[in-house]
Amino acid sequence: MSGHGAGTTLEDPQVNIKLKIAGLWTASMFLFIYVDYLGLFIPGVLEKMIEGEVAHTGIEVSQLFLLGVIILMMVSALMIPASLMLSARRNRWTNIIVGSLEIIVLLTGTIGETWIYYLFATAVEIALIATIVWLAWHWPEQELATQ
């Protein structure tokens, strides 16, 4: 028997806001990676990559382009440890600012997009990051100890 009978309830422990935010950045990062990976299955994408072009954009794949892409991808990855390690005040504002900028980047990436998987995943990513911004904006406060 599991011991969950009449007169008992499951414990619902409070999760630290830093863990919540780090978890949301992790989920966002995985979605970001999976969307790009699944994009390789779109007809013509791999052929254009082999030719040195970002499919259907006319953008040449260069060292500078790849540097920009990896910096963009690093944001979510670096926000995971930052959300766990920064002080509350720095953490709050970093998540509000970076999260807001990330939402703008995601929205920009949907311009002209017609693949429904991409639009759906981007909507979920935006919801995750909007939750980060909301949590950071509503960061819990504590009373200062008076002596």
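The values are calculated or read from the model by the stated rules, or taken from the named source; none is laboratory data. Note that the structure is a prediction, hence the values are computed from the model and not measured. Backbone-built Cβ (ideal geometry, glycine too); neighbour counts: all protein chains shown.
Values for this structure:
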item	result
Failed item in (1) more than 15 Å from the chain's Cα centre (by Cα); (2) closer than 22 Å to Ile132 by Cα, with His56 passing the rest	(2)
Hits in the range 12-58 (condition: in contact with a Ser or Thr (Cβ under 6 Å, 6 or more places away or on another chain) and among the small types (Gly, Ala, Ser))	Ala22, Ser28
Qualifying residue in the range 138-145 (condition: surrounded by 11 or more Cβ atoms within 10 Å (Cβ to Cβ) and more than 30 Å from Pro43 (Cα to Cα))	yes
Residue within the range 113-129 that is surrounded by 16 or more Cβ atoms within 10 Å (Cβ to Cβ) and under 28 Å from Gln142 (Cα atoms) present	yes
Conditions (1) in contact with a strand residue (DSSP E or B) (Cβ under 7 Å, 6 or more places away or on another chain); (2) modelled with pLDDT of 95 or more; number of the one not met by Ile80	(1)
Residue that is nearest to Trp134 (Cα to Cα), among those in the range 106-124 that are in a loop (DSSP other than H, G, I, E, B) and among the polar types (S, T, N, Q)	Thr110
